[in-house]
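These notes are about the structure you will find just below.
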Amino acid sequence: MEDINQDYTLNEYERYYQYKVHISPEILDAYRNGAAPADCFITDMRTSSVKLRNGDTTSVNWYQFRIPLAEYERKVGSISDFTSVRFMRMFLSGFQKPIVLRFGSLDLVRGEWRIYKQSLSNGAESGVLEVSAVNIEENNDKTPVNYVLPPGISRVTDPSQPQLVENNEQALNMVVKDLQHGESKAVYRNINLDLRQYKHMQMFVHANHLVPDATRLQDNQLAVFVRMGSDYKNNYYEYEIPLELTPDRSDYSKYSLPDRRAVWPENNMLDVNLDVFTHLKKARNQAKAQGIGSFNQVYSDYDPDRPGNKISILGNPTLGEVKVMMIGVRNVSGDVKSGEVWVNELRLMDTNNDGGWAASGTMNVQLSDFGSVNLSGRYISDGFGGLEESVTQRSTDTQKEYSITAQFELGKFFPDKAKVSAPLYYSVSHQETRPRYNPLDSDMRLSDALESAANKHERDSIESIAVTKTRNTNFSLSNLRWGLKTKRHPMPYDPANFSFSYSHSHRNTSGKTTVYEKEDQWRGALNYSYSPVYKSWEPFKKLKGKSKWLNLPKSLSFNYLPQSVTFNTEMTRNYYELQERDLESIENQNLPLTFSEQFLWNRDFSLRWDFTKNLHFSFQSATRAEIEEPYTPINKDLYPDQYVAW
């Protein structure tokens, strides 16, 4: 068969993968007898009764072949992958007589679940896993058990068809052969899910023996397990269910609820409350705190709702970031076993619909002409969200915030004649964000993590990491002035010519990635401004005479004092210190301290002097200086030796 893409072009380059499928009578007989070789791709056989042209009735066998694309016999040419396959060729060899082959269908089938080929157990492994699909249209008369829909599941109607057409419904089929004691085989899928918003996980499971039943499989000798976590072998949760076998029948009715429950037994069903995983982790952490548990060893317990099902944890997985999902079959008996397992309808149910609340308030207090005080606060609890937001968009943090702002005129404490002006500003704000889950263990509630801590030191350590706190304080005394000055003729030494300002701001932050982050800014300034009041000197103003030549000297005037003298000196100092948190070693923080410091002194001088009405003079000077200081952290508690330099 040529020209898959139907572009009417035949490629003459020899670059292809070749697969060899054995269809000899010996292979077909071996499959019917349950002894098919390893390279046999037959997965199912259907027998139908047909009437021939001569009127005789005979039985005809149809075989289903599933050929894994990755298991090619040989590679020809420079082909490297399956991204650009344009042609397919099929040929027969090894026949001595003419043969007729009839194909019911030839399809390319894509599977999202892949066989995990690495070892999942510590013992000997000789088992084989074959993965395929069973569905209602092709396997409704399958032996030893025919396929029926799970209870409560119905086929979806295709809305794109003009007639009433139901889509096919299928399940994942896993056939395990010759599993040793404790050996596991599984399929996996890479995903990225947050399961914390859901309460339950469900999946239908069916099991039956193979035909022929060479290993004499019985109930509870095989178990299905579901494993989920951040990887396949070191950080995962696992839920294991021992399987009951469905009695042999190939006439289970898809319309009978008892028959559907017999094919999909309730005891085999995965119906787990996701809280059991976090409760198991909490118990493991408490055992670890007592010295009887470890992250490197599997910690197991049994589901209290279904005591026969085992729950296990290894490492530090989280339901908040599930990256891999694995479904497998394990031999829990003492002998070699083979069997067939179907799994269907793996789903999450019952979203966490716990709501929250939020409130905010403000208060303004006016203290006559002395000052004012403003208070504001805001609280948003875990689970709060707007009407337009879905459940998954709701807040998972509890946020607290308050701020106090005060402005006072301290000059009111002095008599009015003193003319003292001292505006004072002070503000403090605090923000706290407390997450629902422990950021170091994102599927454990913070309250449970604090409860399972071994001692107060560990609880304080967890809370300092989980809770993000920010505190800001600001203090300023702006333009402090004593307004006394000489009457009529202000003098250079008058107190009104001087003003003083001071401010200090402080910010402190701590959180998951920051042990602490501090920033301080200081500013001090002194201003001097003198503008004398006087009359200009006009030496020729009193000349007598009406000659126009005297107008020029009479209009001459001289300023013997400058119009303004301004001087400003300002000192600013900034200091920043950051201690990042080493998340790989919480107890021993070895990351270096980051700090920066700056000490500046700026001076400005300005003089404006109009000697005459048309002769102006101005002078400006600016000096920018940086005060050198020891480049060491200014932290007396952590670095006392380096603080000596101060």
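As an exercise, use a Förster radius of 41 Å and the Cβ-Cβ distance of Ser230 and Ile153 to find the FRET efficiency, rounded to the nearest 0.05. Given R0 = 41 Å and the Cβ-Cβ separation, E is 0.85. Counting Lys and Arg as +1 and Asp and Glu as -1 over every other residue whose Cβ lies under 15 Å from the Cβ of Glu629, the net charge comes to -4. Annotation: per residue accessible area for segment 515-636 equals 70 Å², rounded to a whole number [probe 1.4 Å, protein chains only]. The magnitude of the dipole of segment 459-527, with charges of +1 and -1 set on the Cβ of Lys/Arg and Asp/Glu and taken from the Cα centre, is near 360 debye. Here the gap between Phe65 and Leu193, fully extended at 0.36 nm per residue and compared with their Cα-Cα distance, gives a gain of 42.6 nm. Counting only Cβ charges, +1 for Lys and Arg and -1 for Asp and Glu, the dipole size of segment 553-646 around its Cα centre is about 1260 debye. Charge tally around Val176: other residues with Cβ under 13 Å, Lys/Arg +1 each, Asp/Glu -1 each, net -1. Once the Cβ-Cβ distance between His616 and Lys487 is put in as r, and R0 is 22 Å, what FRET efficiency do you end up with, to the nearest 0.05? Rounded to the nearest 0.05, the efficiency is 0.15. With 0.36 nm allotted per residue and the present C-alpha distance subtracted, the Glu584-Asn122 stretch has 163.4 nm of extension available. Electrostatic bookkeeping for Arg481 treats Lys and Arg as +1 and Asp and Glu as -1; over the other residues with beta carbon under 13 Å from its beta carbon, the sum is 0.
Qualifying chymotrypsin sites (Phe, Trp or Tyr not before Pro) in segment 323-424, where qualification requires a DSSP coil assignment and no more than 11 other C-beta atoms within 10 Å, comprise Trp357. Computed from point charges on the beta carbon alone (+1 for Lys and Arg, -1 for Asp and Glu), the dipole magnitude for the chain about its Cα centre is near 4580 Debye.
Of the listed values (1) 0.94; (2) 1.00; (3) 1.26, grab the one calculated as Rg/Rh (Cα atoms, Kirkwood Rh) from the structure here. Structure-derived value, by its label: (3). Probing with 1.4 Å while keeping every protein chain in the model, the per residue accessible area of segment 388-478 equals 55 Å². Along the axis of the charge dipole computed for the chain (Cβ charges of +1 for Lys and Arg, -1 for Asp and Glu, origin at the Cα centre), the listed residues Ile627, Tyr198, Val156 are led at the positive end by Ile627.
Dipole of the chain (Lys/Arg Cβ +1, Asp/Glu Cβ -1, origin at the Cα centre): which of Pro258, Tyr402, Ser503 lies farthest to the positive side? Of the options given, the answer is Ser503.
I'd like the GluC sites (Glu not before Pro) in segment 101-149 restricted to DSSP loop residues with at most 13 other Cβ atoms within 10 Å, sorted by number. Those satisfying the criteria are Glu112, Glu137.
Can you classify segment 15-168 as rounded, prolate or oblate using the Cα gyration tensor, where a ≥ b ≥ c are the square roots of its eigenvalues, rounded means a/c under 1.5, and otherwise it's prolate if a/b beats b/c and oblate if not? Because its axes are fairly even, with a/c under 1.5, segment 15-168 counts as rounded. Between Ser312, Asn267, Val343, the Cα set farthest toward the positive side of the dipole of segment 262-398 (charges on each charged residue's Cβ, about the Cα centre) is that of Ser312. Within the accessible area of segment 1-143, the carbon and sulfur atoms contribute 50%, probe 1.4 Å, all protein chains present. Accessible surface area normalised per residue over segment 176-312 is 48 Å², counting heavy atoms of protein chains with a 1.4 Å rolling probe. Within the same chain, lysines fewer than 8 places from Lys310 are excluded, and of the rest, those with a Cα less than 30 Å from its Cα are Lys117, Lys177, Lys185, Lys199, Lys233, Lys281, Lys282, Lys288, Lys323, Lys337. Taking the centroid of alpha carbons for each part, segment 407-467 and segment 252-281 are 50 Å apart. Please report, as a whole percent, how much of the solvent-accessible surface of segment 497-567 comes from carbon and sulfur atoms (probe radius 1.4 Å). Reported share for carbon and sulfur atoms: 61 percent. Take the alpha carbon gyration tensor of segment 102-252, find the square roots of its eigenvalues, order them as a ≥ b ≥ c, and report rounded if a/c is under 1.5; if not, report prolate when a/b exceeds b/c, else oblate. Oblate shape, in that a/c is at least 1.5 and b/c is the bigger or equal ratio.
The values are calculated or read from the model by the stated rules, or taken from the named source; none is laboratory data. Remember, predicted model here, so these are calculated numbers, not experimental data. Virtual Cβ from ideal backbone geometry, glycine too; neighbours counted across all protein chains shown. Accessible surface is based on the protein model in full, side chains and every heavy atom, while ligands, DNA and RNA are left aside. Shrake-Rupley method; radii C 1.70, N 1.55, O 1.52, S 1.80 Å.
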